[in-house]
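Some notes on the structure that comes next.
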Amino acid sequence: MSARFEVGQSVRIGDRTEPRHHRVPAYVKGREGIVVCLCHPQGLPEELAYRESGEPKQTIYRVRVSQPHLWSSYQGEAHDNLEIEIHESWLDPL
Amino acid sequence: MTHDHTTPHRHPNQPDHPEPSSSYELLGVALNELLIEKGIYSADELRTQIEEIESVNVDSHGAQIVAKAWLDEDFLTALRADAADAIRSLGIDPGYTEIMALENTPEVHNVVVCTLCSCYPRWLLGRPPAWYKSKAYRARVVREPRAVLAEFGNDIATDVQVRVHDSNAELRYVVIPLRPKGTEGWTQAQLARLVTRDSMIGVTQAKAATAS
Amino acid sequence: MTSGETPRIGPHDFAGLDAGPVDTSQHDLAQWERVVDAIIYLLGKKGVMKDVAEFRRHIEDLGPDVYERLSYYERWAASAAATCVEAGVVTREELDARAAEIAKRSEAS
């Protein structure tokens, strides 16, 4: 499987409405981050949740997002961050 | 109090202790009876499944991984390369295709949440604690991790990065806490006693050596 | 940027919302909760549930009012039942009839 993104690349998490079950929570939609890891390919929850095949599997990326970028009122430290697993079809290059 | 697992359902639900039941509790019991009658699984298989779930605990599973990682540089290297494989080499079934070991360092403190449901490395730590599944934890730890960690008595120094991991797909995470000071020369069994479930979720540190 | 600009994806999507302190008290499972907990694994092993995403979706489909009102394993029970109905291994009518029967049984004893 060829992966579209590589470690260190800047990406934006998709900010689209998806009426079906999906696993991209609102708080990360549209946010920018950096790919820190490529993980085993997984089926697409948008299909698997409805007993469909979920194929083809997609590379999963762990994307690191800065906390102050996620929350304008972030009370912690500027260097704090968050990582989340995102399917390839939910990522765009920056 | 949220309307969650913390709702005090303490019904023993045994035939000799009938108590008023919620309609959803009845639904669960009805479903189980029907599935057994229809041969989807047997009563034996159900009992075995419950036993299998309850045979997993942090002392015999997760803590051994951490103690081994503290002691054995080769194991730590293997854990970084493929944690599921490395865990299997200890005779522990990781239960998932992909496990990620998150090493705490003097620079980074890791903490894990599943904001959308309750994904958790059950086959390494046992069933998740009620608070891990609670709305309060899931809502807050992503936005104010330092405040939530402080509620667990875990104040993170400002020069340490706090890194939250939202476990929203099929990976499972275990935190490798920092090895407590004063444990030089300790055996794996001694070290494992300092490793708690909460320290492997990342809300606390491992126990101090004096607590052993 | 703040949360709230993007619509929540369901009743389960509350990351970033305000909530009270984390209640760390232990919860011992009742027997029916242990059973419901195990059913999910058996449904996967037996192929009734093809993927855990089905189970998650049926929890989310409870809607915000029911989702908020139910306890954790009540949600699981509801979702396990919906998963099995969708998979065609039981019907709603069978479940309702059996639940009524169990309620009667426990009243009688």
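Structural remarks
- If R0 equals 60 Å, the separation of the Cβ atoms of B:ASP44 and A:ASP15 corresponds to a calculated FRET efficiency of about 0.75.
- DSSP-assigned coil residues among chymotrypsin sites (Phe, Trp or Tyr not before Pro) in region B:133-199, each with at most 16 further Cβ atoms within 10 Å: none
- Rounded accessible area per residue of region B:62-211, 1.4 Å, Å²: 35 Å²
- Residues of region A:10-93: accessible area per residue with a 1.4 Å probe, Å²: 37 Å²
- Given +1 at the Cβ of Lys and Arg, -1 at the Cβ of Asp and Glu and no other charges, the dipole of the protein assembly as shown around its Cα centre is 320 debye to the nearest 20.
- Carbon plus sulfur fraction of accessible area for region C:31-108, probe 1.4 Å, in percent: 52 percent
- Note on A:LYS57: lysines with a C-alpha under 20 Å away, same-chain residues under 8 apart excluded, are C:LYS50.
- Å² per residue, accessible surface of chain C at 1.4 Å: 44 Å²
- Interface B-A: total buried accessible area of about 2300 Å², 1.4 Å probe, protein heavy atoms only.
- Under the combined filter of DSSP loop state and at most 13 neighbouring Cβ atoms within 10 Å, region C:1-71 retains these GluC sites (Glu not before Pro): C:GLU5.
- Protection-proxy order for peptides B:110-123, A:70-83, each taking the mean of Cβ atoms within 10 Å per residue, highest first: B:110-123, A:70-83
- Peptide B:117-130 shows a mean partner chain C-beta count of 3 within 10 Å per residue C-beta.
- For C:LYS104, a cut-off of 30 angstrom between C-alpha atoms picks up these lysines, skipping any fewer than 8 places away in its own chain: B:LYS38.
- When only alpha carbons are used to place a centre, region A:37-62 and region B:134-176 end up 26 Å from one another.
- Taking every DSSP helix (H) stretch of at least 4 residues in chain C, weighting each as -39,500 (n - 2.57) and dividing the sum by the residue count yields a mean residue ellipticity at 222 nm of -18500 deg cm²/dmol.
- For region B:90-199, the set of GluC sites (Glu not before Pro) satisfying both a DSSP loop assignment and a count of at most 12 other C-beta atoms within 10 Å is given as B:GLU107, B:GLU184.
- Accessible area buried, both sides summed, chains C and B with 1.4 Å probe, Å²: 5700 Å²
- Per-atom-type breakdown for chain A gives carbon and sulfur 48% of the accessible area (1.4 Å probe, protein chains only).
- Helical content alone sets the calculated 222 nm signal of chain B at -10000 deg cm²/dmol, taking -39,500 (n - 2.57) per DSSP H segment of four or more residues and averaging over every residue.
- The calculated FRET efficiency for the pair B:GLU107 and A:LYS57, based on their C-beta separation and a Förster distance of 41 Å, comes to about 0.75.
- Pairwise label distance in nanometres, C:ALA100 with B:GLU73, each label 7 Å out on the Cα-Cβ vector: 7.2 nm
- In chain A, helices alone account for a calculated mean residue ellipticity at 222 nm of -1000 deg cm²/dmol, with every DSSP H run of four or more residues adding -39,500 (n - 2.57).
- Cysteines in chain B that, by Cβ-Cβ distance, have no pairing candidate under 4.7 Å: B:CYS117
- Förster-model FRET efficiency, 22 Å R0, B:ASP59 and B:LYS181, C-beta, rounded to 0.05: 0.50
- Overall form of region B:62-211 per C-alpha gyration tensor (a/c, 1.5; a/b vs b/c): oblate
- Electrostatic dipole magnitude of chain A [Cβ: Lys, Arg +1; Asp, Glu -1; Cα centre; debye, to 20]: 80 debye
- Protein-protein interface of region C:63-78, residues with accessible area decrease of at least 50 Å², isolated chain reference, 1.4 Å probe: C:GLU68, C:TYR72, C:GLU74
The values are calculated or read from the model by the stated rules, or taken from the named source; none is laboratory data. Every value quoted in this text rests on a predicted model; they were computed, and no experiment measured them. Every residue, glycine among them, receives a Cβ derived from its backbone with ideal geometry; neighbour counts consider all protein chains shown. Remember, those area values only see protein heavy atoms, side chains included, never the ligands or the DNA or RNA. Shrake-Rupley method; radii C 1.70, N 1.55, O 1.52, S 1.80 Å.
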